[in-house]
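The values are calculated or read from the model by the stated rules, or taken from the named source; none is laboratory data. The structure displayed is predicted, hence computed values, not measured ones. Glycine gets a Cβ as well: all are built from the backbone with ideal geometry, and neighbour counts include every protein chain shown.
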Amino acid sequence: MEEYQPVKVEVFKKDQPVLFNVYLKIGDRFLLYCRKNTVFEAKRLNKLLEKKLPALYILSSEKHLYKQYLNQRLNNLLENKKLPLQTRCELIQEALQDLIESFIKKPQDEILYQKLLFAGLKYGDFLYNTSGAFLSIYPVSVPNSPLLAHSLHVATLALGILRETNFNQENHRTHLAVGAFLHDIAHFYTGFDITQNPKALSEEKQHDYRKHPRDGALKLKELSFFNPLIAKLVLQHEEKIDGSGFPQKLTEKNIEPLALIIGVANAFDKLIIQGTPPKDALKKMLINSVGEYPLDFLQALQSFLKKENLAPL
Ligand SMILES: [Fe+2]
Ligand SMILES: [Fe+2]
């Protein structure tokens, strides 16, 4: 039997061809509403939007085509101010996670890499220029992959922290976003469960866990086109300025500031993943992480969370 799955009505662009069959659900029947490779007419789409239809449906077997379509829509979603913010944020989140996942599955694909760089830059612009975007993106949980959600959340937080520092330049933004998207890339290959507390692991597993920044960076360094600074951010994202981090136990002067920004975002999101409410996570960071990260970055985290209303009392 065919399986169907829901997709948001807003994902479709008016008067553009769709790459897959689109169905309308009436009762428990699925009616073909827009045929594969035909134009989804504005008139027909508007009718559904006016009725505030909760979802359209696609065949599960055509999900890869839907993902391709969503991927093509990403730039438009990042710039399209007409869509309601929450819907737009959810679609951007879905499309970005999908792009990250596609690259991780096929890192040798240079076109995907270029897309990722461009998306990193545009995502920064979107977050900085859209009031309420941080608040809509950050708490949105993602059903199927905690690791992909974490990757995007760390990028989102890191961009927020960067904004409050004097490192905020366009090229830094791109490097930081892509470094954060990929910081735990090694976990995708080993299947490490991000919701686990690494401190609770056996000694042997901890040893393996501590290899993830180096394994990730090595994987990226193999790619001739890959930016070496971004690979370095992946390598150094678990380092701390007092030398208590890993894998190289570096101290402040030898760690890239952008890697430390990712580190702060990563440490904060790990607390959130473990169920700490944001305001308590911030408090913990301000007490326990002093000495591990530069004070101005911790203060930048605090002021960013406050300005964006992300750690309400
Ligand atoms: Fe990590
Ligand atoms: Fe992480």
Given (1) out of contact with any Asp or Glu (no Cβ under 8 Å at 6 or more places or on another chain); (2) farther than 18 Å from Leu121 by Cα; (3) of a type in the set (Val, Ile, Thr), Val178 misses just (2)
Can you give me the number of residues within segment 294-311 that are touching a Lys or Arg at 6+ places or on another chain (Cβ under 7 Å) and either aromatic (Phe, Trp, Tyr) or farther than 17 Å from Gly132 by Cα (or both)?
1
So which strands (runs of 3 or more DSSP E) stay within segment 1-92 end to end and still have 2 or more residues that are assigned by TED's automatic domain parsing to the domain that holds Ser136, in contact with a Lys or Arg (Cβ under 6 Å, 6 or more places away or on another chain) and charged (D, E, K, R)?
none
What pairs can you find where one residue is in segment 186-208 and of a type in the set (Asp, Glu), the other is in a helix (DSSP H, G or I), and their Cβ atoms are less than 9 Å apart, with a gap of 6+ or different chains?
Asp193/Pro146; Asp193/Leu147; Asp193/His187; Asp208/Thr190
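Considering only helices (runs of 4 or more DSSP H) fully contained in segment 193-285, which possess at least 2 residues that are over 19 Å from the mean Cα position of the chain (by Cα), within 15 Å of ligand 2 (Cβ to nearest atom) and at pLDDT 95 or above?
Details: elements: 203-209, 212-221, 228-236, 257-273.
Result: 212-221.
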Residues located in segment 166-192, provided they are away from ligand 1 (no atom under 16 Å from the Cβ), exposed (fewer than 14 other Cβ atoms within 10 Å of the Cβ) and assigned to a helix (DSSP H, G or I):
Glu170, Asn171
Tally, over segment 110-138, of residues that are exposed (fewer than 15 other Cβ atoms within 10 Å of the Cβ) and without any contact (Cβ under 8 Å) to a residue 24 or more places away in the chain:
4
